[in-house]
Amino acid sequence: MQDKLNEIEKAALAALAEVNDPAAVEAWRVTHLGRSSELMGVFSGLGKLSKEERPAVGQAANRVKVALEAALEEKAAAVKQAALAKSLAEEKLDVTLPGRNKHVGRLHPSTQQLRRVLAILAEMGFQVFTSREVETDEYNFQHLNFPPHHPARDMQDTFFIEAEGRGDNPILMRTHTSPGQIHAMRYFAATDPSNPPPIRIALPGMCFRYEQITARSEVQFNQVEGLAVGKNITFADLKGTIADFVRRMFGEGARLRFRASYFPFTEPSAEVDVECFVCGGKGCQVCKNSGWLEILGCGMVHPNVLIAGGYDPKVYSGYAWGMGPERQLMLRNKVGDIRYFWGNDVRFLEQF
Amino acid sequence: MKIPLSWLKDFIDLDGLSVEDIARKLTLAGMEVDEILYVGLPMPVYKEGEKHEFKTNGIGWDKEKLVVAEIREVKAHPNADKLTLLDLYDGQQDQVVLTGAPNIFHLKGTGKLDKPIKVAYAKEGTTLYDGHAEGQVLMTLKRAKIRGVDSYSMVCSEKELGITEESDGIIILDDDAPVGMPLADYIGDAVLDISILPNMARNANVIGVARELAAMLGRELKKNSAQPSAVSGQSVKELVEIEITDPELNPRFVIGLIRNVELKPSPYQIQRRLKLAGVRPINNVVDATNYAMLEYGEPLHAFDYDVLKQRAGDKKIKIITRAAQDGEKLKTLDGNERTLTAMNVLVCDEKGSLSLAGVMGGAESEVSDTTKNILLEGAAWNFINIRRTAKQHNLPSEASFRFSRGVHPAMAEGGVNLGLKYMAEWASGAVAPDLVDAYPLPPKDAVVEITVIDVKRWLGIDLTLEKTAELLKRLEFKCTITNNQLQVTSPNHRMDIGEGIVGVADVLEEVARSYGYDNIPTTTMADALPPQVGNPVHEWEEHLRDLLVALGLQEVVSYRMTSPEKEGRIAKHDEYVRLANPIAPEKSVLRRSLVASVIDSLEKNIRYSEAFSFFEIGSVFEPHKNELPDEPRKLAIAMTGLREAMAWDVKDSPKLDFFDLKGRIELMLSGLRLTNISYTATSSYSHLHPGKAAEVKAGDKVIGAFGEMHPLVKEQYELGDSPVLVAEFDLDIMRAIAPTYGIKTIPETPPIYEDIAVIVDESVKAETVEALIRQTGGRSVTNVRLFDLYRDEKIGEGKKSLAYALTYQAEDKTMTDADAAAIRNKIVKRLEKEVGAKLRS
């Protein structure tokens, strides 16, 4: 009997050596350790043996069973390992194939830039104040110290709206967001006319100029203005505020300079240039080799504008500054054609 | 305005300053230098990494190689008829130079010249512009044989030296040009192109710029004499009188006389400066008027005295200024006959009009080749009137540019004197004694009082009155200090200083400029931060934008301007806000439909992508005759194309349809936390498909409508094959509805999920079935979701199957299957009773 068991073990192990896939492992188990296997036959035949033989044969059969089971386990692990190694070796993706995309939404680039500007202004205490796009001459010009027929009006070519009987106060498309200065001042002054409250607001919105539409000029564009009015506001404060804004908008190291300029609604007036952030001031096409980029206009609110807004210029002073989000994008993103903004070509919009 | 540096140096010592230093000073003080054109002076050389400051062009002249030389003899070229050989002396040695210059050709073969001709001589190896090339192309002179004669150098034209585009003849320098001197030292120059701001009309001349520069540099402004050195003959006062009919339009009129002028070209130095300043030289008399204007700022006009004399007959010449009559005609010296209106002002004599005041002279009395005696006019005009006249006749001239920005009447006298002086010098005329000066309305120069506190309050700097006065005196303000006040009087060359508090601001601006904007400190506002009010309207719209982007929509921004025809495809309106001066017919009115704007964007893009979901938020414009329009805020959405993004293994997708748009709208409205939303079929929107359109209400308010574009409307566009879905919402109404912010608690008890399908008639609306399920289920049914809509013949004609996934859940206990079954039975019974539904097995 011992011999037979040895035979069984030897045959089984020999068969196992040939096994090399999971199905064969299972088949081997059924054949050699299964209920109708020869080894199980030995176990079930134990009852027929004599009392004396039984323990020895039982022990020997058990030893064979344990040995075969151990061999099986080892084999199964090895086969699994081999199968895994094979599949890992075979399942290789071409990771350079394109991924599956979604149709996604985006904000228009102008909205994105307006948000950047307004977010900075909000943190500086300037709250958004909006006003209408179609205006009267009074609000767009006269209250802002552009008298009728004044040469300064040449600086802002204007779209007029058909309307009769309006004399020197025609209806027009606003040429800047500055009419909002008057709306805002009057709004706040009305809350306490004898002692109007201080103001710190941001005026975003679409403006319109009578221009031919070319790569460099458009009939409409966004503007954002900042306005601060109070009893203790100076040109030095204006410089400080602009410096803060420019640092936030164009980076810590952005150098800037104030150039004397002229706007009817501010005095003194200044243009602010930022060192060209494309070339670092060395001179390039973006800055037309000047090393500087003109990015905003500013100044102390003109006394006539304060008066028009209901603020006494003997008591109050203020400053205002304005800039163009599209111009900032054109400079920063090297947009060579301003017509892209309202062209709404997806091939442009998708790049923002 | 283009200003040659050499001219500036007539009035200010600029030693120790580079051209760029000067340009920087001017730029920071408000006279922005747009470009520096080098015409002989050495160009700045930038090393790698060095910063540019100005747009720079032009050419520097080599001091060794480009010198003043004199031609001593003009000989014929042995082998070429059209060429001459010049014997010239360059200060060091004799040279032989070949030229084909037409302005020297006539001297060919005259032998030794009686008077040598001074020229600009370029030696071998000089780099200059190619005179024969189109545009400005640099070249270097190399030795060559031209028709057997050795050529290694040249005499230069203006084009070759970068002075003008003129390449036809060589430059003939003035007789006193010093032979052998480097040309750069003699006439080397740089031109500053300066933008003149509307309030800086006083600086539209060389002296004005020099004055500013002197103030900014703290240097002296040289005052050259503007008086003719000698006068002779009968006084002009005896020959001419002036009548001003409206002093408001013509506050001053000054006339001088010069006799026996000899008309010829001006000295080369003068011509060169005029050319660099952008003015074409004509003759010494016309040049003198232009030169004096460019230098001093007063536009002058020269009349032929004898023409006026003849017109006056034996009477004294009488100059009359008056408003034109409507329809009156005048032939201006550009040859055009102009029809005038009462707004225009004329300079006339007793026979009629002579010139369009302040804008352009008349043809009849202009200086001609035969002119001998000149009446020179310097006047002051109302700047608004001149501006309107120049615009009306489209006549931007050097004169109208200045007059329309305001020229101080005090300038008239100085201008005429300066013009006469130059005519006497260049045309050897004899200036008549006196000027005829009608000055009925001298301006009152502004007097402003400022204090130390004003300076501090407006500029944020502490300046003593003495220091403030010093800064202002540099700009020629008259200053007196009394009782802690500085009294400032505006100088009589500028008209931009106002009175009272405006005058204070005007003067403080000059203090700031003179002090230097750069020297003003940068401070943090000490003023109290006002109450922060926020802007809920703006914030709400921005939130809406975010919601729409999250739903996969691309924002577009369109022109406000459109045309009734363009927009009429979507919505027809009779009344529009119309532009009085549209730039193009397709931009003649302001939009009334935002959907039309978005559809336009869609149409432009339709070839460029497989799917589009656009939205726009903005105003439309509802007209009120002769009044401001309303500007309601709207949202428009347009979608078309494929629902799925195509990929290499995604090759097919359903097209976007009504329910894709509706799903976005549902999510948008829930994002805005608007509840009680209902959708009603509508056929009252002409641009929408009558069977695939819905009106959206929040409570009882209509907030918008959406649906598939009507096929007939779509036909008018090129929008491809897919259905186009559009929506428009009225944001002002939506924003006014109070949103609901409460949320439901999430129950901790386990839910039971179950599907039921019911068969109903086609006419039964899904909305009704769902409402009945929710009503009957009450709080125990926490979710109802339609997951299938099915029709086939087994179900029966005119029937449909609606399958719902239900979630049963109790707030306080674990719901059993039996509990759920009981609720389901109630629901089914209710549906049977109310809408004749049958449970599908």
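Averaged over the residues of B:458-465, the number of partner chain Cβ atoms lying within 10 Å of the residue Cβ comes to 4.
Other protein chain C-beta atoms within 10 Å of residue C-beta, averaged over A:97-104: 6.
Between B:Thr680, B:Leu656, B:Ala757, the Cα set farthest toward the positive side of the dipole of the stretch B:647-763 (charges on each charged residue's Cβ, about the Cα centre) is that of B:Thr680. Computed over the protein assembly as shown, the percent of Cα pairs more than 49 Å apart is 52. For the stretch A:39-183, the calculated P(r) over all alpha carbon pairs, in 5 Å bins from 0 to the bin holding the longest distance, is 2, 7, 8, 8, 6, 6, 5, 4, 3, 3, 3, 3, 3, 3, 3, 3, 4, 4, 4, 3, 3, 3, 3, 3, 2, 1, 0 percent.
The calculated P(r) of the stretch B:361-413, using every Cα pair and 5 Å bins from 0, goes 4, 17, 22, 20, 18, 13, 5, 0 in percent.
Seen from all directions on average, the stretch B:551-701 presents a Cα convex hull projection of 11.2 nm². Projecting the Cα atoms of A:Tyr316, A:Cys298, A:Phe348 onto the charge dipole of the stretch A:296-352, computed from C-beta unit charges around the Cα centre, puts A:Cys298 farthest toward the positive end.
When peptides B:307-320, B:498-511 are ranked by their average number of other Cβ atoms within 10 Å per residue, the highest-first order is B:498-511, B:307-320. Its Cα centre serving as origin, chain B has a Cβ charge dipole (Lys and Arg +1, Asp and Glu -1) of approximately 860 debye. Extents of the stretch A:1-83, largest first, come to 47, 18, 15 Å (Cα atoms, principal axes, whole angstrom). With K and R counted +1 and D and E -1, the other residues having a Cβ less than 11 Å from that of A:Ala119 yield a net charge of +1. The alpha carbon radius of gyration of the stretch A:63-134, expressed as a multiple of 2.2 N^0.38 Å, is 2.92. Our summary of shape: the Cα atoms of the stretch B:706-803 have principal axis extents of 56, 48, 21 Å, ordered from largest down, in whole angstrom. Rolled with a 1.4 Å probe across the full set of protein chains, the surface gives B:Leu635 an accessible area near 0 Å². May I ask which of B:Lys634/B:Lys697; A:Lys102/B:Lys662; B:Lys2/B:Lys331; B:Lys63/B:Lys118 have a Cα-Cα span longer than 22 Å here? Beyond 22 Å: B:Lys2/B:Lys331.
Under the convention that each Lys and Arg Cβ holds +1 and each Asp and Glu Cβ holds -1, the size of the dipole of the stretch A:1-78 around its Cα centre is about 360 debye.
So what's the net charge close to B:Glu220: Lys and Arg +1, Asp and Glu -1, counting the other residues with Cβ under 11 Å from its Cβ? Here the count lands on +4. Note on the stretch B:370-521: the C-alpha convex hull projects to 13.2 nm² when averaged across all orientations. What the Cα atoms of chain B give is an Rg and a Dmax of 41.7, 132 Å. Selection among B:Phe615, A:Ala184, A:Ser87 by position relative to the dipole of the protein assembly as shown gives A:Ser87 as farthest towards the positive end (Cβ unit charges, Cα centre). In the stretch B:219-282, the ratio of gyration radius to Kirkwood radius, Rg to Rh, stands at 1.07 when only Cα atoms are counted.
The string of couplings for the stretch A:33-48 from the Karplus curve (6.51, -1.76, 1.60, θ = phi - 60°) is 10, x, 4, 9, 6, 4, 5, 5, x, 5, 4, 6, x, 4, x, 7 Hz, one whole number per residue in order, with x for Gly and Pro.
Quotient of the Cα radius of gyration of the stretch A:167-220 and 2.2 N^0.38 Å, N being its number of residues: 1.56. When the Cα convex hull of the stretch B:134-262 is projected onto planes of every orientation, the mean area is 16.2 nm². Packing around the peptides B:264-276, B:818-830, B:282-294, taken as the average count of other Cβ atoms within 10 Å per residue, puts them in this order, highest first: B:282-294, B:264-276, B:818-830. Converting the Cα gyration tensor eigenvalues of the stretch B:304-451 into ellipsoid dimensions via √(5λ) gives semi-axes, longest first, of 25, 22, 15 Å.
For chain A, the Cα-based Rg and Dmax, in that order, read 42.5, 133 Å. Measure up B:Lys223/B:Lys421; B:Lys275/B:Lys473; B:Lys692/B:Lys799 against 22 Å on the Cα-Cα distance and list the ones that go over. Table pairs above 22 Å Cα-Cα are B:Lys275/B:Lys473. Extending 7 Å from the Cα toward the beta-carbon at both B:Gln227 and A:Ala56 defines two label points whose distance is 15.5 nm.
Take each residue in A:150-161, count the other chain C-beta atoms within 10 Å of its C-beta, and the mean is 5. Membrane-span-like helices of chain B, defined as complete DSSP H segments with a Cα extent of 27 Å or more along the helix axis and a mean Kyte hydropathy of at least 1.0, are absent. Largest first and in whole Å, the equivalent-ellipsoid semi-axes of the stretch A:118-249 read 27, 20, 13, each the square root of five times a Cα gyration tensor eigenvalue. Note on the stretch B:555-611: Rg/Rh from C-alpha atoms, Kirkwood Rh, equals 1.01. Helical runs (DSSP H, four residues minimum) scored at -39500 (n - 2.57) apiece and divided by the length of chain A put the mean residue ellipticity at 222 nm at -12500 deg cm²/dmol.
The calculated 222 nm mean residue ellipticity attributable to helices in chain B amounts to -7500 deg cm²/dmol, summing -39500 (n - 2.57) over DSSP H runs of n ≥ 4 and dividing by all residues.
Run the numbers on chain B and let me know its relative contact order in percent, using alpha-carbon pairs under 8 Å that are six or more apart. Relative contact order here is 8 percent. In degrees between 0 and 90, to the nearest 10, how far off the longest principal axis of chain A does helix A:235-250 point, with axes built from Cα atoms? The angle comes out near 30 degrees. Determine which lysines satisfy two conditions relative to A:Lys65: a Cα distance under 19 Å, and not lying fewer than 8 residues away in the same chain. Those lysines meeting the cut-off are A:Lys4, A:Lys10, A:Lys75. Taken about its Cα centre, the protein assembly as shown carries a charge dipole of roughly 1900 debye when the Cβ of each Lys and Arg holds +1 and the Cβ of each Asp and Glu holds -1.
The values are calculated or read from the model by the stated rules, or taken from the named source; none is laboratory data. Everything numeric in this text was worked out from a predicted model, so none of it was measured. Cβ: placed from backbone, ideal geometry, glycine included. Neighbour counts: every protein chain shown. Remember, those area values only see protein heavy atoms, side chains included, never the ligands or the DNA or RNA. Shrake-Rupley method; radii C 1.70, N 1.55, O 1.52, S 1.80 Å.
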